[in-house]
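J.: Have a look at the structure that comes next, please.
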Amino acid sequence: MAKMTVEDLPLEGKKVLMRVDFNVPIKDGKVGDDNRIVAALPTIKYVIEHGGKAILFSHLGRVKKEEDKPGLSMKPVAARLSNLLNKPVTFVPVTEGKQLEDAINQMNNGDVLMVQNTRYEDVKDGKYVKRESGNDPELGKYWASLGDVYVNDAFGTAHRNHASNVGIAQNIGAGKSAVGFLMEKEIKFLGNAVDNPERPFVAILGGAKVSDKIGVIDHLLGKADKIIIGGGMAYTFMAAQGKKIGNSLVEPDKEDVAKEIMEKAGDKLVLPVDNVEADAFKNDANTKVVEGGIDDGWEGLDIGPKSIAKFEDVLKDAKTVVWNGPMGVFEMPNFAKGTLAIGKFLGSLTNATTIVGGGDSTAAAKQLGIADKLTHISTGGGASLTYLEGKTLPGIAAISEK
Ligand code: AMP
C-alpha cells in the first residue's frame, strides 16, 4: 500500500488530529452498540502510547437544523471512550474557537480530547450551510491549523468528501497525513480482494436493489471468476428472463440492465434456481419452496435449498470471497435460512479469505453469530461498496503517499 500509515508519522509531543468513525447509536443520552469506538482503540492507543496528543473528530448522525444538535452531542461518546481507554477524555462542546484552542494548548503528551460532532458545522445561525459535509475550504484549513499531523481511521466515511476527513488532510501539509490501523486493514483486505485476489475469486451480492449494486456488478464482472446473486435483487433478473415473480420485490426499469449484465456475464453469473415464497410479508406467513417462478399473489423472500446447494458448490473451491447483501429477508427468522446457510458455509472455508462488505451483510453476519468465523468484516457499508465499484475514496485519496 502506498499510503502513509500512523506508524510513519512523528507522534511524540505532536498534536495529532484524528478522524474516527464514532457515528454510534445513542439512546436516552447513552451509547448503544459501541463497536465503532472499540474498532478505533488500537490507533488511538498507539498514538497516545507514543507520546502524541490525540485530538479526535467524528460526525454523529445528521445535523440539519439547530434542534438536531442537543441529541447529537459527542458528550456520551467521549464518556464511553473514557471508560474503554480507562483514562480521562476531555470533551470540548464546540467545533471551533477559543474554548477548543485553549483546551488543545493545555494538553499533555498522551492526553485525549474529543471535539464536538463535526456536523454541528453544517448548521450555523439556524441555516443549513453544510460546512463539514460540503468540505468548506476554510473549515478544513482551520481544523488543520489546530494540529501537527493528521490520522484518518474513519473508513465508514472514506467515500465522502467532507472537511474533517478530506479537508484536514488537504491542508495539513505533505507527508503529515496517514491512515490508522483500521483504515489500513480495510484497504488491505478490500483492495487485495478486488485487485489482487487469490483465485478463484467469488463475489456474492444480495440485498434489496439491483440499482444500488449495478456499479459493483459491472466492476466485479471484470475481476471475479463468479458472481452469485441472491436476495431481492435476484427477482429483477428473474423478471428479465421472462419468469413469473408474483409480488416479489422488482425494479422494472432495471430489467434491461439485468439483461445486459446476463449477456455480458454468461456463466460467470450464478442465479438462484429455487425460492421460498410467502403469501404475506411477515415471518409467520404461509410458505412454499418453488422452482422456475413465483406464484401469483405470493412473493419470494429467500433462496431455496437447491440454490443454497448450488451456491455452496460454486463457493467450495473459492480462495477469495467478497459478500455484500443478504440472500433474503434475514430480519425475519423464517427467511434468514439462505443467508445463514451461506454465511455458515463461508465460515467453514478455512483456506479462503472471506470478506463481508459492510452494511446489512455485516448486521446479518453478527445477528447470525458467524462474524468471528470470517476473515474480515468491513466497518463501512457505503465505503466498501464504493471500493467494490472500483472508485476512488476521497478520504483515502487525500492521505499522503509513503
Ligand atoms: P441492502 O441494503 O441492499 O443490502 O438490502 C438489505 C435488505 O434487503 C434487507 O433489509 C433485506 O430484508 C432485504 N431483502 C433481501 N431479500 C429480500 C427479498 N427477497 N424481498 C424483499 N427484501 C429483501
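J.: Excluding residues on the same chain fewer than 8 positions from LYS337, give the aspartates and glutamates whose Cα lies under 18 Å from its Cα.
T.: Hits, sequence-local ones excluded: ASP274, GLU277, ASP279, ASP284, GLU291, GLU299, ASP302, GLU312, ASP313, ASP360.
J.: With Cβ to Cβ distances under 12 Å as the rule, what net charge do the other residues near TYR142 carry (K, R +1; D, E -1)?
T.: -4
J.: I want to check the label-to-label distance for ALA280 and LYS127. Put each point 7 Å from Cα in the C-beta direction and report it in nm to one decimal.
T.: Between ALA280 and LYS127, the simple spin-label model gives 5.2 nm.
J.: For the pairs LYS3/LYS213; LYS15/LYS402; LYS176/LYS373; LYS366/LYS402; LYS53/LYS141, flag any whose C-alpha to C-alpha distance is greater than 25 Å.
T.: Beyond 25 Å between Cα atoms: LYS3/LYS213; LYS176/LYS373; LYS366/LYS402.
J.: Please compute the per residue accessible area over the range 197-388 with all protein chains in place, 1.4 Å probe, rounded to a whole number of Å².
T.: On a per-residue basis, 40 Å².
J.: Mind grabbing the base-10 log of I(q)/I(0) for the range 182-242 at q = 0.24, 0.27 Å⁻¹? Debye formula, identical points on the C-alpha positions, no solvent, two decimal places.
T.: So the normalised log intensities work out to -1.02, -1.12.
J.: Further question on the same structure: Among DSSP beta bridges whose residues both lie in the range 197-388, state the antiparallel percentage, nearest 5.
T.: 35 percent
J.: Any idea how far the Cα center of the range 1-19 sits from the one of the range 300-346, in Å?
T.: If we compute the Cα centre of each part, the gap is 40 Å.
J.: Only helical DSSP H runs with n ≥ 4 go in: add -39500 (n - 2.57) per run for the chain, normalise by residue count and round the 222 nm mean residue ellipticity to 500 deg cm²/dmol.
T.: Taken over the chain, the calculation gives -10000 deg cm²/dmol.
J.: Enter the accessible area of GLU67 (Å², nearest 10), with the probe set to 1.4 Å and all protein chains included.
T.: The accessible area of GLU67 comes to roughly 130 Å².
J.: Where the accessible area of the range 271-371 is counted over protein heavy atoms with a 1.4 Å probe, how much of it, in %, is carbon and sulfur?
T.: Answer for the range 271-371: carbon and sulfur cover 50 percent of the accessible area.
J.: Okay, next question. What is the dipole size for the range 6-182, taken about its Cα centre, with +1 at each Lys and Arg Cβ and -1 at each Asp and Glu Cβ, in debye to the nearest 20?
T.: 320 debye
J.: Size of the dipole of the range 1-66 about the Cα centre, Lys and Arg at +1 and Asp and Glu at -1 on the beta carbon, nothing else charged, in debye to 20?
T.: For this selection, approximately 340 debye.
J.: Right, here's the next one. Tell me, in nm to one decimal, what length is gained between MET332 and LYS288 on full extension, where the rule is 0.36 nm per residue of separation less the Cα-Cα distance?
T.: Between MET332 and LYS288, full extension yields an extra 14.3 nm.
J.: About its Cα centre, how strong a charge dipole does the chain have in debye, to the nearest 20, once Lys and Arg get +1 and Asp and Glu get -1 at the Cβ?
T.: 740 debye
J.: Volume per residue, Å³, of the convex hull around the alpha-carbon atoms of the range 1-149?
T.: 116 Å³
J.: Still on this structure: Got a number for the accessible area of LYS391? Probe 1.4 Å, square angstrom, nearest 10.
T.: Accessible area of LYS391: about 120 Å².
J.: Which percent of the accessible area of the range 6-182 is formed by carbon and sulfur heavy atoms (probe 1.4 angstrom)?
T.: 46 percent
J.: Only bridges with both residues in the chain count here: give the DSSP antiparallel percent, nearest 5.
T.: 25 percent
J.: Would you mind giving the average projected area, over all directions, of the Cα convex hull of the chain in nm² with one decimal?
T.: The orientation-averaged projected area of the Cα hull of the chain comes to 20.3 nm².
J.: What are the lysines whose alpha-carbon lies under 20 Å from the alpha-carbon of LYS65, with same-chain residues fewer than 8 places away excluded?
T.: Counting by Cα, and skipping residues close in sequence, LYS65 has these lysines nearby: LYS27, LYS75, LYS124, LYS127, LYS130.
J.: Would you mind checking the radius of gyration and Dmax of the range 297-377 based on alpha-carbon positions, in Å?
T.: 12.1, 43
J.: Tell me, what is the per residue accessible area of the range 1-87 in Å², probe radius 1.4 Å?
T.: Normalised by residue count, the accessible surface of the range 1-87 is 46 Å².
J.: Now for a separate question. Among GLY300, GLY156, GLY126, whose mean-square fluctuation peaks in a Gaussian network model of the chain (Cα, cutoff 10 Å)?
T.: Most flexible of the set in this elastic network: GLY126.
J.: Still on this structure, I have one more. Using a 1.4 Å probe, how large is the accessible area of GLU251, given in Å² and rounded to the nearest 10?
T.: Looks like 30 Å² after rounding.
J.: Based only on the alpha carbon positions, what is the Kirkwood hydrodynamic radius of the range 197-388, in angstrom?
T.: After inverting the mean inverse Cα-Cα distance, the result is 16.2 Å.
J.: If you don't mind, there's one more thing I want to ask. Taking the Cβ of ASP295 as the center, what net charge do the other residues with Cβ under 10 Å away carry, scoring Lys and Arg +1 and Asp and Glu -1?
T.: Surrounding charge for ASP295 is -2.
J.: Also: Just report the Cα centroid separation between the range 238-277 and the range 21-50, whole Å.
T.: 41 Å
J.: Here's a follow-up. Would you mind estimating how fast the range 212-288 diffuses translationally, via Stokes-Einstein at 37 °C and 0.692 mPa s with the Kirkwood radius over Cα pairs, in µm²/s?
T.: Calculated translational D: 245 µm²/s.
The values are calculated or read from the model by the stated rules, or taken from the named source; none is laboratory data. All values reported here derive from a predicted model rather than from experimental measurement. Here the Cβ is made from the backbone with ideal geometry for all residues, glycine too, and neighbour counts use every protein chain on show. These accessible areas exclude ligands, DNA and RNA; they are computed on the full protein's heavy atoms, side chains included. Shrake-Rupley method; radii C 1.70, N 1.55, O 1.52, S 1.80 Å.
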